[in-house]
Amino acid sequence: MLSITLPDGSKQDLLKGSTGLDLAKIIGPGLAKSAIAISIDGVQKDLEDTIEQDSSVSIITIDSDEGLEIMRHTIAAQVLAAAIKTRYPDSQLAIGPTIDNGFYYDVFTDKAISSEDLVVIEKEMQKVIENKSVIKKTLHSKKEVVKFFKSNNEDYKLKIIDEAEQDNNFQIYTNEDSKFIDLCLGPHLPNLSFIGPFKLTKVSGAYWQGDSSNEMLTRIYGTAWRTQKELDNYLAQIEEAEKRDHRKIGKDLDLFSIQEEAGGGLVFWHPNGARVRNIIENYWKQEHQNANYELLYTPHIALDTLWQTSGHTDFYEESMYKPIDDENQFYRLKPMNCPFHVLVYKNTLRSYRDLPIRWAELGTVYRHEMTGALHGLMRVRGFTQDDSHIFCSEDQIEKEIKDILDLALKMLKTFTFEEFEIHLATRPEKFVGSEDIWDKATDSLIKALESKELDYKTDIGGGAFYGPKIDIKIKDAIGRLWQCSTIQLDFNLPERFNMNYIGSDGKKYHPIMIHRALLGSIERFFGILVEHFAGKFPLWLAPTQICVMSINQKQHKYAQSICDEIKKNGFRVEIDLRNEKIGSKIRDHTLKKVPYLIILGDREFSSEEITVRTQKGDDLGNMELKTFLRNIEKELVI
């Protein structure tokens, strides 16, 4: 008899060899009906897998997040893959994992698959699921699965098998009605009756194993949800996201460009975008100086030996640019700023009285991203990191984390982000430093989060090898989550660089190093803002805050005087004296998303007033200029 610990802490006796379904039936018939898989000591298993020892077990149901992911994986591996083999019999299947909000499958086929083909593939998928077939799993030896997939010309499955370390227990999942068979780690749904509404969304190319030296495969993306309402809401979000695409809005508003002549993934800031970036950076500097940070500026390159000492060449070399040979010395473009801040720290003998030391830098770094991974401002090769490092003692960690959280949430809320998802990532299997200091550091992070009464999720084992961390995701105007702020404790670099401070007892100690970014990178954060506001920046961020326009030439001089007075009051203003109809001028500057339009005709000239119209089309009527400027001052956050 086994002793099973359930999620609520209660115990349940169970015969050895019983399945997850057996346990669900004992707990209750309702649970057995909605059960799709189990988790044994944190490892997901199929519902029919047996429980062989005393364990902590939870039943995974279709209405849980884990259940939704398993459903999406089953759609990819059993439904989409089966439909592809039916429509394209000579195709070869590669992999079909889940991703955020959906799934994809990579296939090799001589016949091109276009977006127009997705509707046909969807119909084939509906045929696969209409019988609500049972999915069965069997275990096989390496020799057996090699023989099977070789006879079916599935070269990519053979490559996966060849790279596997085990000789037995290869999992084969079979759809009992269609007889479709696939190799997969699982788990899968017990049957296809649990499949919810789905939609194939796009098709693209993808290199096998993400390596550009390998052959190009076809990747088919899809999404799936529990209900039609959830699917419709998601598709509406996707449609809205396309309208808000920062690449399109960036071009329409002349904010930035990616110049292929200079190389992909490198951002050129145009005057309009540069104005907004300058506002963001000035606000960032102001807040950091108020929070007792000092600003640093460091080089863009350094000797390759620095990156060897830091460990970046061991862990991140694939993302680093190759060394530059200069008179037999080898330099690298910096992928991160942290080793540079370490060198500044080491430049002077430090005492415990100097701690904490808080340094901040808007440092431009360079990463060697694959061409296929580049995406507007969201994934680039050169970007300015909103970077800071704090050097402190162990007993100072908790207060520093609290202060960072305060600063992060204050700044994010200034940009109108009000909803957050916070994750605490704990010690992974491989780590540096002692367990004792890891426990102290993790406890400090927890205390800081709880003292701020912040809800958080625990990512067990998700910390970096050098320390635990807190990640903050923001929710934008259409409900999408974006990873922005990160707070990471580091026990590795202070040891690798032999960083020290003299304690009150006269002995040397390694400081704790806190890496933290609040906005992430200026480029990516700017792209998020463009999509969050759909290009309609609030007044304090708008590249042009006010546009003054005349109805005809008679008001030109008056328009110029109004424009000059607005400039004197510190607003960003443009003047439009073109020989165009006033309706055309209003339309042009509305499309440019200028927050306020000032319209001047004979009436305004004679009364020495202005007529104001908002970007939304609201007519605020006639008023004196000083009244208008006083009214909009409250919209200036900084």
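Accessible area of the chain with a 1.4 Å probe: how many percent of it is carbon plus sulfur?
Values: 15030 of 31650 Å².
The nonpolar share, carbon plus sulfur, comes to 47 percent.
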Mean-position separation - Cα centroids, the stretch 519-582 and the stretch 118-144, in angstrom: 57
Order by accessible surface, 1.4 Å probe, largest leading, for residues Met370, Met71 comes to Met370, Met71
Loop-located trypsin sites (Lys or Arg not before Pro) in the stretch 290-360 whose Cβ has at most 16 other Cβ within 10 Å (DSSP): none
Under the 7 Å Cα-to-Cβ spin-label approximation, Gln126 and Gln560 lie apart by a distance in nanometres of 6.7
Which pairs break 23 Å Cα to Cα here: Lys111/Lys229; Lys251/Lys593; Lys334/Lys402? Lys111/Lys229; Lys334/Lys402
By how many nm would the segment from Asp354 to Lys202 grow when fully extended, if each residue of separation counts as 0.36 nm and the alpha-carbon distance is taken off? 49.2 nm
Entry for volume of the Cα convex hull per residue in Å³ (calculated from the structure that is shown) out of (i) 158; (ii) 223; (iii) 196: (ii)
Between Lys413 and Ala534, what's the calculated FRET efficiency when r is the beta-carbon distance and R0 is 22 Å? Round to 0.05. 0.65
State the answer as a single residue: which of Gly479, Ala112, Ser434 lies farthest towards the positive end of the charge dipole of the chain, with beta carbon charges of +1 for Lys and Arg and -1 for Asp and Glu, about the Cα centre. Gly479
If you put +1 on each Lys and Arg Cβ and -1 on each Asp and Glu Cβ, how big is the dipole of the chain around its Cα centre, in Debye rounded to 20? 1440
Distance in Å, no decimals, from the C-alpha centre of the stretch 218-232 to the one of the stretch 188-202 is 8
FRET E, pair Ser115, Ala241, Förster distance 22 Å, beta-carbon r, rounded to 0.05: 0.80
Given points 7 Å out from each Cα along the Cα-Cβ axis, report the Leu343 to Glu580 separation in nanometres with one decimal. 5.1
Between Lys626 and Gln553, what's the calculated FRET efficiency when r is the beta-carbon distance and R0 is 30 Å? Round to 0.05. 0.70
Can you give me the three principal axis dimensions of the stretch 498-596 from its C-alpha atoms, in Å, biggest first? 80, 30, 17
For His368, solvent-accessible area (1.4 Å; no DNA, RNA or ligand), Å²: 80
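Send over the Kirkwood Rh of the stretch 414-526, from the inverse of the averaged 1/r over different Cα pairs, rounded to one decimal Å.
15.5 Å is the Kirkwood radius here.
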Measuring from the longest principal axis of the C-alpha atoms of the chain, the long axis of helix 118-129 (C-alpha) lies at a number of degrees, nearest 10, equal to 40
What fraction of the DSSP beta bridges in the stretch 541-638 is antiparallel, stated in percent and rounded to the nearest 5? 45
Extended-chain gain in nm, criterion 0.36 nm per residue less alpha-carbon gap, Gln12 and Lys143: 43.2 nm
Roughly how many whole Å is it from the C-alpha centroid of the stretch 405-442 to that of the stretch 596-636? 46
For the residue pair Thr590 and Glu215, what label-to-label distance in nm results when each label sits 7 Å from Cα along the Cα-to-beta-carbon direction? 5.5
Gained length - Asp406 relative to Arg226, 0.36 nm times residue gap less alpha-carbon distance: 61.1 nm
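The values are calculated or read from the model by the stated rules, or taken from the named source; none is laboratory data. It should be emphasised that the depicted structure is a prediction, and the values quoted were computed from it without experimental measurement. Glycine also receives a Cβ, built like all others from the backbone with ideal geometry; neighbour counts cover every protein chain displayed. What goes into the accessible areas is simple: the full protein's heavy atoms, side chains included, and nothing from ligands, DNA or RNA. Shrake-Rupley method; radii C 1.70, N 1.55, O 1.52, S 1.80 Å.
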